[in-house]
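Here is the structure we will look at, set down as structure tokens.
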Amino acid sequence: MGPQERPPLEEMTLRQLRRVASLYNISRYSRMRKAQLLAAIKKIEQERAARDRSSVQEEQKVEASKFDLGQDDRNGGPLASVDEGLGDLPGGYGESMIVLMPRDPQWSYAYWDIPNEHKEMLRRMGGQQLALRLYDVTDIDIEYQSPHSVQEYMCDELAREWYLPIPVSDRDYVIEIGYRCADGRWLMLARSAPVRVPPVYPSDWVEDVFITVNWEEDLRGKTMYELVPPSKKAAAAGGMHAQMYGVSQEGEAMRVTGSLFGSMQHVPGSHVPGSVPPQEVISSYIFPSGVGMWAVPTVSGLTMSGVGMMSGIGMFSASAAPARPRKFWLIADAELIVYGATEPDATVTIGGRPIKLNPDGTFRFQMSFQDGLIDYPIMAVAADGEQTRSIHMKFHRETPSRNTNTKEEAVLEWLAE
């Protein structure tokens, strides 16, 4: 008979009380009367209940002590004096710095620490608007080379961090913080180290390298093996990548102040005898990336036809007929270049973002042309704000098919006789 199933002790018979007494190990219960059994059983049950309450209270104290450790410092807890005498963290460390970190392929995060004294000094030099500039520095040194593209974003004086959209993924970027001046000058406060923004697509670079290192060897300051991306290997080994890059650099070197404005005057059509043919001027200056070298002017304007690009690539790879089997490869891509000219003291924006003008009023904006729609409203406002001119351009690229590979990825193919 369990304790939850039995009737109250007062209602039990003598036989039932003796059975309970045997369960409680009461000695000599068979010689006791009913009143004696009832008193002995109640006494044991009271003692057991008291022991249970005491055990529960001890468990509660142990559990409470786990949470009390170090929590009530005001009452002299064990951690009350750990941070005694320590001051608050400073608002800055007296050194101008900015850090750029990719959040994902589309967004990056920047934070900075600029002393007020440094800001005051640049404001006295003419700085008016605090801004961030995001540079595409893929495969270049920004110390002595121009970036591929520049994105500028106005920011607040009190801000210490900012999120910035990434124009094109799988590229190297550097961010600067500084002041824009009324005369167009840029006064830099700090510049970040270059960072690589990951691509939006999974990487196709798979390379397993196993090396042996002696257990006793000191590895400090040593590089046992350097992983080189396939694109860098192709550039180092020469071939198509190196030749395309060389053409691009040659075209960039030919760009001088006013060259864009001059090239705009030589549109396809009749030209003065003895002058440079129109298509040569366009190839040299309007498309300094080298793509223009393969462009074909048409009656509808200046377009880059796929046939032109294929013929240019074929020009590099033309050689004697190879023996069978043989390898074959192709790489091709596109860039978008927006250029123009206006009054040198005007303000020009592309998509709402200010563009820096050259001293003669020309401007040029270049970026990678990926699949999709690019919407570029361009507006020029006179210095006094009384006159405006604008043009709204939309560019759409679609790649219906792609069957390309690099030289390193080319495999032997057997051709039918």
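Things to note:
- Sorted peptide list for 350-362, 373-385, criterion being average Cβ within 10 angstrom, highest first: 350-362, 373-385
- Nitroxide proxy distance, nm - points 7 Å out along Cα→Cβ at N25 and L336: 8.9 nm
- Separation in nanometres of the label points that stand 7 Å from Cα toward Cβ, at D384 and V195: 4.6 nm
- Descending by average beta-carbon neighbour count within 10 Å, the peptides 221-228, 337-344 line up as 337-344, 221-228, the highest first.
- Calculated P(r) of the stretch 359-417 - Cα pairs past 16 Å, %: 71 percent
- Gain in span if fully extended, I44 to I350, counting 0.36 nm per residue against the direct Cα distance: 101.0 nm
- The stretch 348-380-the stretch 14-33 distance, computed between alpha-carbon centres (Å): 102 Å
- In this label model, S401 and Q129 are separated by 4.8 nm, measuring between points 7 Å along each Cα→Cβ vector.
- Low-density loop positions, chymotrypsin sites (Phe, Trp or Tyr not before Pro), the stretch 119-202 - DSSP coil, at most 13 other Cβ in 10 Å: Y144
- Segment L219-S54, length gained on full extension (0.36 nm per residue, minus Cα span): 53.2 nm
- Whole-number D in µm²/s for the stretch 82-185 (Stokes-Einstein; Kirkwood sum over Cα pairs; 37 °C, 0.692 mPa s): 212 µm²/s
- Our estimate of slack between R185 and S203, defined as 0.36 nm per intervening residue step minus the Cα-Cα distance, is 2.5 nm.
None of the figures in this text is laboratory data; all of them are computed from the coordinates on show. From a predicted model like this one, the values you see are computed outputs, not experimental measurements. Using ideal geometry, Cβ is built from the backbone for each residue, glycine included, and neighbour counts are taken over all protein chains shown.
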